[in-house]
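Please treat every number below as a calculation from the coordinates, not as lab data. Please read these numbers as outputs of a predicted model, since none were measured by experiment. Please note: Cβ atoms are built from the backbone with ideal geometry, for glycine as well, and neighbour counts cover all protein chains shown.
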Amino acid sequence: MNLIERDAKVIWHPFTPQKNRSNPIPITHGKGTLLFDADGKSYIDAISSWWVNIHGHAHPYIAEKLYQQALTLEQVIFAGFTHEPAVQLAERLLKILPGNFSRIFYSDNGSTSTEVALKMAIQYWWNEQQFHRKKIIAFKNAYHGDTFGAMSVSDRSVFTLAFHDLLFEVIFIDTPTNENINNSLSIIEQHANEVAAFIYEPLVQGAGGLKMYDAHLLERLIATAKKNQIICIADEVMTGFYRTGKTFASEYVSLQPDIICLSKALTGGTMALGVTACTDRIYNAYVQDDALKTFFHGHSFTANPLACTAALASLDLLQQPNTVAKVEWLVLQIKNFSQQLLLLKAPIKNIRVLGTILAFEITSGKDEYLNNISQIITQSALQQGIYLRPLGNTVYIMPPYCITEAELNKVFEVIKNIVLQHE
Ligand SMILES: *Cc1c(COP(=O)(O)O)cnc(C)c1O
């Protein structure tokens with residue numbers, strides 16, 4: 001049996017309809033932006049393997065650090081023990097995070113980083129004995145992960161349909177525009193004394209279709225939330241580590257959150273790791289004589305030394321001057337390409353860019369995730385050596401920062417070919 005046949009017998013893939021499954025592509029190895037399949041064909045990973053990979057695949061520097069750490073300490077319980085990679089990573093993250101963060105809480109993926117943030121915020125008010133403050137404000141169209149709490153504060157969509165009755169009630173406000181902002185501000189004011197926290201993906205709503213909105217609108221929402229002591233949670237799981245052109249998307253806004261969530265590119269896309277950072281305001285509510293006010297949360301692999309080591313190695317690479325220059329170059333190339341797309345006579349709309357992210361909609365077909373235009377485009381791009389995975393009719397790229405000029409131009413060419421085909 002080959003790998004596809006063996007896979008078909010035992011594996012259940014994520015986000016994948018199980019009836020009439022299409023065959024997954026066996027990947028044998030990766031190098032830089034390239035993924036190689038079992039037939040030796042290569043694909044440029046134009047979406048950074050679900051937005052996680054920023055330095056390229058099988059990076060030798062990260063691999064070497066991981067190898068050394070694996071020979072030293074691979075895992076240790078993190079309650080009652082500590083280790084150098086976890087402490088050093090916390091120290092380095094606190095130096096680069098925007099705002100006044102003072103504590104790092106580790107978990108092991110993006111969904112757990114937002115779960116931790118929500119629990120931290122809700123228990124903050126419980127510890128403060130303000131029991132009426134437990135509601136969460138979130139954006140329509142948001143995506144904060146797939147576990148129950150994260151799902152609850154995410155948009156009610158095809159992803160969550162089977163669970164709607166079981167999700168906790170959330171006050172949803174519109175993704176901000178100049179037209180709806182006043183309404184959202186008054187919703188915040190109106191519910192202020194029952195609200196624990198406001199959670200948002202700063203400037204780009206990722207899985208909700210790469211919708212982008214203005215920093216000054218977010219700033220007004222945060223200002224109103226802060227005025228009412230509402231805890232602000234920035235979910236930077238997707239936007240962190242230069243994805244939007246700045247180290248964190250929150251840097252586009254002058255008001256900083258009380259809690260920030262990181263994952264995806266945190267380890268350069270190598271290992272699973274989640275971070276929830278908070279300020280002293282939050283942390284101090286847990287420094288209490290009453291043991292019932294402890295934050296009773298943790299995972300077996302909390303602060304896994306290998307994952308922390310990968311994150312440290314990724315930070316080393318990110319902090320090299322040529323990486324920053326490369327990101328700036330990429331931002332410019334993507335902006336120029338968006339201008340070329342504007343001039344193209346093709347059935348596309350809403351061409352938008354922020355940093356290293358470009359997105360637009362193909363106007364043939366319906367705006368729905370289940371629309372099969374996504375699969376058609378994915379197949380067509382794969383045949384041309386590019387890996388894309390549109391969200392419904394939203395086509396986007398989010399390349400690793402190590403992408404070469406030739407590779408990037410090939411991605412642009414293939415995108416042009418594809419959109420022109422759909423005329
Ligand atoms: C991907 C994502 C998550 C969930 O992260 P997982 O590691 O997939 O659980 C949460 N928030 C945002 C903004 C994301 O893009």
Gly32 long-range amide H proximity, modeled H, under 5 Å
His57
Using only the Cα atoms of the range 43-193, build the gyration tensor, take square roots of its eigenvalues as a ≥ b ≥ c, and label the shape rounded, prolate or oblate: rounded if a/c is under 1.5, else prolate if a/b is larger than b/c, else oblate.
prolate
Local electrostatic count at Thr16 - Lys and Arg +1, Asp and Glu -1, tallied over other residues with Cβ under 13 Å
+2
Interatomic Cα distance distribution for the chain, bins of 20 angstrom, percent
25, 58, 16, 0
Among Leu315, Phe78, Ile418, the residue whose Cα sits farthest towards the positive end of the charge dipole of the chain (+1 at Cβ of Lys and Arg, -1 at Cβ of Asp and Glu, taken about the Cα centre) is Ile418
How much length is gained if the chain between Gln421 and Arg156 is pulled fully straight, taking 0.36 nm per residue apart and subtracting their Cα-Cα distance, in nm to one decimal?
92.1 nm
So for the pair Val324, Lys119, with labels modelled 7 Å out along Cα→Cβ, what separation do we get in nm?
3.7
Any residue on another chain or 5+ positions along whose placed amide H is under 5 Å from the amide H of Ser107 is listed here as Gly274, Val275, Thr276, Ala303
Mean shadow of the range 10-59, computed from the convex hull of its alpha carbons, in nm²?
4.3
FRET efficiency for Lys31 and Asn409, Cβ-Cβ distance as r, R0 = 22 Å, nearest 0.05?
0.70
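Return the loop-located GluC sites (Glu not before Pro) in the range 115-218 (DSSP other than H, G, I, E, B) with at most 10 other Cβ atoms within 10 Å of their own Cβ; answer none if there are none.
Those that pass, being in a loop and sparsely packed, are Glu169, Glu179.
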DSSP beta bridges in the chain: the antiparallel percent, rounded to 5, is 65
Report the trypsin sites (Lys or Arg not before Pro) located in the range 308-406 that are in a DSSP loop and have at most 15 other Cβ atoms inside 10 Å of their Cβ, or state none.
Lys345, Lys366
Give the shape of the range 73-318 as rounded, prolate or oblate, defined through the alpha-carbon gyration tensor: a ≥ b ≥ c are the square roots of its eigenvalues, a/c under 1.5 means rounded, and otherwise the shape is prolate if a/b is larger than b/c and oblate if not.
prolate
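Rounded to the nearest 0.05, what FRET efficiency do Tyr286 and Lys345 give with R0 = 56 Å and r taken as the Cβ-Cβ distance? Could you check?
Plugging the Cβ-Cβ distance into 1/(1 + (r/R0)^6) gives 0.45.
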Could you list the chymotrypsin sites (Phe, Trp or Tyr not before Pro) in the range 18-106 that lie in coil according to DSSP, counting only those with at most 13 other Cβ atoms within 10 Å of their Cβ?
Phe81
